[in-house]
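Engineer: Got a structure for you, questions after.
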Amino acid sequence: MDTPPLWFDRVTVGDGTPSVVSLEVPGHRAVCVLGDEASGVGSLGRYALALDRPSTGRVLVFGENLAELPRRAALAFRRRVGYLPAGDGLLQNLTLYDNVALPLRFGSNRSEIDIHGRIQVMLTMLQLQHVAKLRPARVNEEERRRAALARALAFDPELVILEQPFDALTTRAAAQILELARGGESAVGARRTVFIVGQSLPDVLGPRVELRYRLVRGRLESEN
Amino acid sequence: MLAPIAVVGTHVARQVARVGALARFSFSAFQAWGTLPAAGRRVARRVFLNQLWFTALQAIPLAIVLSSILSFLLISQAVRELGRIGAVELIGTLIVVAIVRELGPLLTALAVAGRSGTAIAAELATNKVMGEVDALEGMGIDPVHYLVLPRFAAAIVSVFSLTILFDAVAILAGLVAALANGMSAGHYFDIVLRSLAFRDAGVTLVKGLVFGTIIGTIPSFHGLAVRRAATEVPIASSHAVVGSILAIFLCSALFVAVS
């Protein structure tokens, strides 16, 4: 049996009334888990990347528990996963271009020319060329989200984790973000595995998210 | 009855824990020199140069003003007062011991701590509050490599260089003061150079390195110690500058005690 890209194994989330989440995210699918702020659903992405640790349970990414890896190895492993944090997490003192370039400059031995070429492709794909030289504070919410996604996709990862990616976006922009995260279609489904956490999912995106769950009263309920 | 003891005990334990955390952080910052990936050096160098611009180059006018005023006032008074009792030769000791060895590194470090220490703490705290530190971690970039190491290195280089500048300007301002009070340039340099030992210059430079390390470490530690509340940013800046000043004075006293 293939190792799932992401597997939450009896992971406890939420503070008030904690829930135990067991979920296997199959490859080449877009999967979302929704829930209100108190449900703790927003922690799932952080647990997957071992930015936080759950009180019980474990999360396996491509079969590896990042929380158990030495720090250097965990940092290197995270480059295999695209991560769009809630609130974009763009560095405010860098232009959008430099934000997108940062993971490539820091985490690969590519030459500056190669990096420039890759960034140009990303910026064109995400329609950011006209604002590439601006800092995050000078562009709108949608452009910031696009830039954060471009940064998350810089290494062309197999798995993308998106935290509240559609908040405050128009339906059109949300649909574009989702399609870019999926990375196109392959014979087995989406080219990438996409894991989304948030409070809501625009109705129009429903058909493009193959598996939808909601964390309600401590239980993970399927919405398909 | 035990309540006051418990309060004091809790406070002491918290402070000890904080010092322990600071020591661990400092160790990890030193350790980061060796683990910075080759690809990251280019980016870290760029951040380092930016920091150097702000911490060292932009602080040059401040260092020159502080140094020249201090030295001019001190040497003017000294030439006048010591001249009355025929002990004008002592201005050499005054320049070397008081300014070059003690006040030069101390005032330079205090100026940099006040100017750049607060900026480092506020910037890193804002990075943390805005989720930028988590985003770096999520991209596989160690925040110590990207945020701390360049600031740490820039603080050391800056304080070290500014201390040399401070002392050089102090000696020149002392010359102006001496000339203004009727002493010849030859006599002034003769007195100063006779008093200046290699050891004094060495102590000054070591102090510059140590104070630079303090300013590179303590503000970074307080900046990254905030959680997610914007209200913590000014608190972190305040803790950073107070902690740095305290550490600089303690180290200065330690230097006097051991040298």
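The values are calculated or read from the model by the stated rules, or taken from the named source; none is laboratory data. Small disclaimer: the values here were computed from a predicted structure and weren't measured. Cβ atoms come from the backbone with ideal geometry, glycine included; neighbour counts cover every protein chain shown. Surface areas here come from the heavy atoms of the whole protein model, side chains and all, with no ligands, DNA or RNA. Shrake-Rupley method; radii C 1.70, N 1.55, O 1.52, S 1.80 Å.
Engineer: For A:ARG219, B:ARG227, write out the residues from largest to smallest accessible area, computed with a 1.4 angstrom probe and no ligands counted.
Structural biologist: On the way: A:ARG219 150, B:ARG227 180 Å².
My answer, sorted largest first, is B:ARG227, A:ARG219.
Engineer: Can you give the FRET efficiency for A:ARG138 and B:VAL8, using 1/(1 + (r/R0)^6), R0 = 56 Å, r = Cβ-Cβ distance, to the nearest 0.05?
Structural biologist: Values: r = 51 Å, r/R0 = 0.91.
It comes to 0.65.
Engineer: Averaged over its residues, how many other protein chain Cβ atoms are within 10 Å of peptide A:83-89's Cβ atoms? Can you show the working numbers first?
Structural biologist: Working: counts 6, 2, 7, 2, 5, 4, 11.
Per-residue shielding by partner chains comes out at 5.
Engineer: Then there's this: With equal scatterers on the alpha carbons only and no solvent term, can you work out the Debye log10 of I(q)/I(0) for the range B:80-164 at 0.17, 0.21 1/Å?
Structural biologist: Rounded to two decimals, the profile gives -0.79, -0.97.
Engineer: Using alpha carbon coordinates only, what is the Rg to Rh ratio of the protein assembly as shown, with Rh defined as the Kirkwood radius? Please report the intermediate quantities before stating the final value.
Structural biologist: Values: Rg = 28.4 Å, Rh = 25.6 Å.
The Rg/Rh ratio comes out at 1.11.
Engineer: Accessible area of the protein assembly as shown with a 1.4 Å probe: how many percent of it is carbon plus sulfur? The partial results should precede the final answer.
Structural biologist: On the way: 13760 of 21900 Å².
Answer for the protein assembly as shown: carbon and sulfur cover 63 percent of the accessible area.
Engineer: Heavy-atom accessible area of B:PHE221 with all protein chains present, probe 1.4 Å, nearest 10 Å²?
Structural biologist: 30
Engineer: Pairing the Cα long axis of helix B:185-195 with the longest principal axis of chain B, what angle in degrees results, from 0 to 90 and rounded to the nearest 10?
Structural biologist: Rounded to the nearest ten degrees, it is 60.
Engineer: Okay, moving on. Ignoring ligands, DNA and RNA and using a 1.4 Å probe, state the total buried accessible area between B and A in Å², rounded to the nearest 100. Present the calculation step by step, with values, prior to reporting the outcome.
Structural biologist: Working: alone 13220 and 10930 Å², together 21900 Å².
Between B and A, the summed buried area is about 2300 Å².
Engineer: Sketch the reach of a paramagnetic label on B:LEU179 as a point 7 Å from Cα along Cα-to-Cβ, and name the residues of the range B:60-75 whose backbone nitrogen lies under 15 Å away.
Structural biologist: Residues B:72 qualify, since their backbone N sits under 15 Å from the label point.
Engineer: Within 10 Å of each candidate Cβ there may be at most 11 other Cβ atoms; applying that plus a DSSP loop requirement, which chymotrypsin sites (Phe, Trp or Tyr not before Pro) in the range A:26-104 survive?
Structural biologist: Working: sites: A:TYR47, A:PHE62, A:PHE77, A:TYR83, A:TYR97; in loops: A:PHE62.
The qualifying sites: there are none.
Engineer: Sort A:ASP36, B:ASP134, A:ASP15 by heavy-atom solvent-accessible area, probe 1.4 angstrom, most to least. Present the calculation step by step, with values, prior to reporting the outcome.
Structural biologist: Values: A:ASP36 95, B:ASP134 30, A:ASP15 145 Å².
The ordering from most to least exposed comes out as A:ASP15, A:ASP36, B:ASP134.
Engineer: Antiparallel as a % of all DSSP beta bridges within the protein assembly as shown, to the nearest 5?
Structural biologist: Details: 17 of 35 bridges.
DSSP beta bridges in the protein assembly as shown are roughly 50 percent antiparallel.
Engineer: Here is a further query. If DNA, RNA and ligands are ignored and the probe is 1.4 Å, what is the ranking of A:ILE196, B:ILE164 by accessible area, most exposed first?
Structural biologist: Values: A:ILE196 5, B:ILE164 80 Å².
Output order, biggest surface exposure first: B:ILE164, A:ILE196.
Engineer: While we're looking at this one, here's another question. Quick one: if the Förster radius is 56 Å, what FRET efficiency do B:VAL206 and A:ASP9 give, using the C-beta to C-beta distance and rounding to 0.05? Kindly include the intermediate steps, with their values, before the conclusion.
Structural biologist: Numbers: r = 54 Å, r/R0 = 0.96.
Between B:VAL206 and A:ASP9 the formula returns 0.55.
Engineer: Over all alpha-carbon pairs in chain A, figure out the percentage whose distance exceeds 24 Å.
Structural biologist: Numbers: 10522 of 24976 pairs.
Summing the P(r) tail past 24 Å for chain A gives 42 percent.
Engineer: Further question on the same structure: Of the beta bridges DSSP finds with both residues in chain A, what % are antiparallel, to the nearest 5?
Structural biologist: Roughly 50 percent of the DSSP beta bridges within chain A come out antiparallel.
Engineer: Which value, in debye to the nearest 20, gives the size of the charge dipole of the protein assembly as shown about its Cα centre, when Lys and Arg are +1 and Asp and Glu are -1 at the Cβ?
Structural biologist: The dipole of the protein assembly as shown has a size of about 500 debye.
Engineer: Mind checking the per residue accessible area of the protein assembly as shown for me, 1.4 Å probe, whole number of Å²? Each step should come with its number before you reach the end.
Structural biologist: On the way: 21900 Å² over 483 residues.
Accessible surface, normalised per residue, equals 45 Å².
Engineer: Let me ask another. Zone of B:PHE249 (label point 7 Å along Cα→Cβ, backbone N under 14 Å): which residues in the range B:35-70?
Structural biologist: No residues fall inside that zone.
Engineer: If you don't mind, there's one more thing I want to ask. How big is the accessible area of B:ARG101 in square angstrom, nearest 10, if you roll a 1.4 angstrom probe over the protein chains?
Structural biologist: Roughly 50 Å² of B:ARG101 is accessible to a 1.4 Å probe.
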